[in-house]
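A short worksheet on the structure shown next.
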Amino acid sequence: MKHLLKMSDLTPAELYHILDVADQLKAAQKAGSTPPLLAGKSVALMFSKTSTRTRTSFEVGVYQMGGLGSYMNAVTELQAGRGEPLKDTARVLGRYYDCIVWRTYRQRDLEELAEYAGVPVINGLTDYAHPCQVLADLMTIRERYGSLAGRKLCFVGDGNNMANSLIAGGLMAGMQVTCVCPRTYRPAADVLAFARPYGDSFELLEDPAAGVKDADVVVTAVWNNVANEAEAERRMREFLGYQLTGSLLENAKPGCMVLHCLPAHRGEEISNAVFEAHAQEIFDEAENRLHVQKAVLAILLAGK
């Protein structure tokens, strides 16, 4: 494990090792004895997109482990926003920092940064993948059920970065994974190809009621986050019926978990009633971003 760019870069053993270290670090923090694993280390927190959870959880996590986290707006504060080649920015930051976290748009830009930086690079979110979030999801599910293998996870919504990462992460963890999305919003072709060898452990469906049937965990994410009004109206039509409601969840297992990566558009991808009924799980999931990211940093920078 040299970087964390997307879930499918991990092996199942590496995935479970991250979760195990996250459990250890969470227990240590709750006991008031977080080890200074990043003492003397510096982490560049480079953001091309706005962020609440990713930025703050990385800042706090680096601080708790004794390191320096430097936030920088990649669009307005770095020369890359004014035309400096990305590979030059990468080679400079790699001389100053021990690790770079980048939240950006294109996955290929993130991979170029990792190619030239000479230090570990962590994906803070791209349009293709959101591995830190999915690691937090898996940690939260395991805390609830004690294990992941054999549990059914169903994602309902847009086949975007969350779907791509949940499919890969869930399957590697030994889960049964179902992805439910409209035909024109399917996950990436290479992710579907990754899932093919898992056979009956993966389903791609268009019917939410069929998808959530007997699910232990149902996950959703925002599917209407576009600024264009016409596009937003079109998405509202095309995702009609894809909202997590109480009636839809009657098809899942009794007492199923509901997770959401946040921010939530209540009344769109999830009803307010369902969100509030599962708020404890959702905010446990948000907290666990801190712990899994600390684990990733500890593994990459401290050989944990």
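Computed from label points 7 Å out along Cα-Cβ, the spacing between Y71 and R196 is 4.4 nm. Surface composition of the chain: carbon and sulfur make up 50 percent of the accessible area, probe 1.4 Å. Each residue was assigned an accessible area with a 1.4 Å probe, and for E14 the value is about 50 Å². Against the chain, whose longest principal axis comes from its Cα atoms, helix 279-302 is set at around 30 degrees. For the range 159-304, the solvent-accessible area works out to 41 Å² per residue, with a probe of 1.4 Å and every protein chain left in place.
For the range 182-270, what does the alpha-carbon gyration tensor say about shape, rounded, prolate or oblate, given a ≥ b ≥ c as the root eigenvalues, a/c under 1.5 as rounded, and a/b over b/c as prolate? The shape class here is oblate.
Taking 7 Å steps out from each Cα toward its Cβ at M236 and K213 produces label points 3.2 nm apart. Output the 0 to 90 degree angle, nearest 10, between the alpha-carbon long axis of helix 229-238 and the longest principal axis computed from the alpha carbons of the chain. The angle comes out near 50 degrees. In the assembled protein chains, T50 presents an accessible area of approximately 130 Å² (probe radius 1.4 Å).
To the nearest ten degrees, helix 107-117 and the longest principal axis of the Cα atoms of the chain are 20 degrees apart.
Taking a ≥ b ≥ c as the square roots of the eigenvalues of the Cα gyration tensor, an a/c ratio of 1.5 or more together with a/b no larger than b/c marks the range 1-73 as oblate.
Accessible surface calculations at 1.4 Å, restricted to protein heavy atoms, place the range 106-145 at 31 Å² per residue.
Look at the dipole of the range 72-153 built from charges on Cβ: of L110, G124, S147, the Cα furthest out on the positive end belongs to S147. For the chain, the residue among F275, A286, V212 whose Cα projects farthest onto the positive side of the dipole built from Cβ charges is A286. For the range 1-101, relative contact order (Cα pairs under 8 Å, six or more residues apart, normalised by length) works out to 28 percent.
Show me the trypsin sites (Lys or Arg not before Pro) within the range 48-124 that DSSP assigns to loop and that have at most 11 other Cβ atoms within 10 Å of their Cβ.
On the way: sites: K49, R53, R55, R82, K87, R91, R95, R103, R106, R108; in loops: K49, R106.
Passing both the DSSP loop test and the Cβ count: no residue.
The values are calculated or read from the model by the stated rules, or taken from the named source; none is laboratory data. Predicted model only: the values in this text are computed from it and were never measured. Note that we place each Cβ from the backbone using ideal geometry, even for glycine, and neighbour counts take in every protein chain shown. Note: areas computed on protein heavy atoms with side chains; ligands, DNA, RNA excluded. Shrake-Rupley method; radii C 1.70, N 1.55, O 1.52, S 1.80 Å.
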